[in-house]
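For reference, the structure discussed in these notes is given below.
The values are calculated or read from the model by the stated rules, or taken from the named source; none is laboratory data. Computed from a predicted model, the values in this text were never measured in an experiment. Heads up, the Cβs are rebuilt from the backbone with ideal geometry, glycines too, and the neighbour counts pull from every protein chain shown.
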Amino acid sequence: MTAVQSQQAAVAGPEGVMPSGSKAATDGVPRISLRGIRKSFGSIEALRGVDLDVYSGECVGLIGDNAAGKSTLTKIISGTYVPDAGTMLVDGEEVKFSNPADARARNIEMVFQDLSLCDHIDVMGNLFLGREVSHWSFLDQRTMRERAREMLDDLDIRIPRLNAKVQQLSGGQRQAIAIARAASFHPRILIMDEPTSALAVAEVEAVLRLINELKTRGVAVILITHRLQDLFDVCDRVAVMYEGTKVAERGIGNTSLEDLVKLIVGKGEDI
Ligand SMILES: Nc1ncnc2c1ncn2[C@@H]1O[C@H](COP(=O)(O)OP(=O)(O)OP(=O)(O)O)[C@@H](O)[C@H]1O
Ligand SMILES: [Mg+2]
């Protein structure tokens, strides 16, 4: 099995079935299911009992005004924060994460807005950071270079020079590398917090293409964005947060920009 094939097998899930197209299998067990999630920071109630389900092969947009609780919710899913109350199920099994490593062990990856890349090291180094391939205790540069190329080609990411320092790359290229790195951990759930906010038009399109590609491989994607127009290119559903509560959920075909804007500002609460 090549690295690419093993990555595809891993993202296909334990059933080994690759979903066809990007249609979500919403009738099965959710990849991730949250119920009654609460989180306070001192006197601030960041989350006041949030329910959310995300299925294999679908992208759920998570939107809401500043401080609505979007990042806090996804940081709970990715193990960065421990909730004060509520339950979290992965593939129907209850999980309790104490740290990001626990979430990663369940194939949950998060691409943070600041990307967590190291500017002063090159593309290949960033792709393999913390899990360098060594051979008799020497870093196996050739294997790493081949695998890095496979990781990027696999997602159709064009970065000409693997030895370019990340700080020399465009915002879109940096975002693509962060996503390729996350994808290489065989995520079954991938969370992206504002992946397109700082990008040029063509770069946004490339990132949205990547999201659609990961969906076709069965990855459950959660996308936080303030760019509401992006939702209509990649999302199957949209969940709207308002002051720590999920106030609405919409199938993407049953909503519009105007509808979402109203919900974000707290007009039109319906659940
Ligand atoms: N580590 C923390 N310590 C204290 N308060 C926090 C912490 N993280 C988040 N909060 C607070 O929790 C609330 C929700 O914040 P959160 O970052 O989840 O919002 P958000 O919806 O992601 O907003 P934005 O769109 O601005 O990124 C805010 O009032 C924020 O100040
Ligand atoms: Mg945030």
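Quick notes on this structure:
- When the range 235-269 is filtered for residues that are over 19 Å from VAL221 (Cα atoms) and among the β-branched types (Val, Ile, Thr), the ones remaining, listed by number, are THR245, VAL247, THR255, VAL261, ILE264, VAL265.
- The sole residue among VAL219, VAL234, VAL166 that is touching a Gly at 6+ places or on another chain (Cβ under 9 Å), under 24 Å from GLY125 (Cα atoms) and of a type outside the set (Asp, Glu) is VAL166.
- Matching residues, the range 82-102, being free of Cβ contacts under 8 Å to residues at least 40 places away in the same chain, away from ligand 1 (no atom under 15 Å from the Cβ) and either of a type in the set (Val, Ile, Thr) or in contact with a Cys (Cβ under 8 Å, 6 or more places away or on another chain) (or both): VAL95
- Considering the conditions (1) touching a Phe, Trp or Tyr at 6+ places or on another chain (Cβ under 8 Å); (2) within 12 Å of ligand 1 (Cβ to nearest atom), GLY79 is excluded by exactly one of them, (2).
- Taking (1) away from ligand 1 (no atom under 12 Å from the Cβ); (2) surrounded by 14 or more Cβ atoms within 10 Å (Cβ to Cβ); (3) at negative phi in turn, LYS70 satisfies each apart from (1).
- Selection of the range 222-237 for residues being within 16 Å of ligand 1 (Cβ to nearest atom), under 15 Å from the mean Cα position of the chain (by Cα) and hydrophobic (A, V, I, L, M, F, W, C) yields ILE222, LEU223, ILE224, LEU231.
This table checks each residue for (1) under 29 Å from ALA67 (Cβ atoms); (2) touching a helix residue (DSSP H, G or I) at 6+ places or on another chain (Cβ under 7 Å).
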{"site": "ALA148", "(1), (2)": "no, yes"}
{"site": "ALA178", "(1), (2)": "yes, no"}
{"site": "ARG181", "(1), (2)": "yes, yes"}
{"site": "LEU190", "(1), (2)": "yes, yes"}
{"site": "GLU203", "(1), (2)": "yes, yes"}
{"site": "ILE211", "(1), (2)": "yes, yes"}
{"site": "LEU214", "(1), (2)": "yes, yes"}
{"site": "ILE222", "(1), (2)": "yes, yes"}
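- Set ILE63, ILE76: member being within 16 Å of ligand 2 (Cβ to nearest atom), in a helix (DSSP H, G or I), aliphatic (A, V, I, L, M) and at pLDDT 95 or above: ILE76
- Positions within the range 187-206 being outside any helix (DSSP H, G or I), away from ligand 1 (no atom under 16 Å from the Cβ) and out of contact with any Ser or Thr (no Cβ under 8 Å at 6 or more places or on another chain), in sequence order: PRO187, ILE189, LEU190, LEU199
- LEU214 part of a helix (DSSP H, G or I) and either within 16 Å of ligand 1 (Cβ to nearest atom) or surrounded by 22 or more Cβ atoms within 10 Å (Cβ to Cβ) (or both): yes
- Residue count for the range 38-53, restricted to those that are without any contact (Cβ under 8 Å) to a residue 60 or more places away in the chain and either within 8 Å of ligand 1 (Cβ to nearest atom) or surrounded by 14 or more Cβ atoms within 10 Å (Cβ to Cβ) (or both): 7.
- Residue in the range 240-261 that is within 16 Å of ligand 2 (Cβ to nearest atom), modelled with pLDDT of 85 or more and not in a strand (DSSP E or B) present: yes
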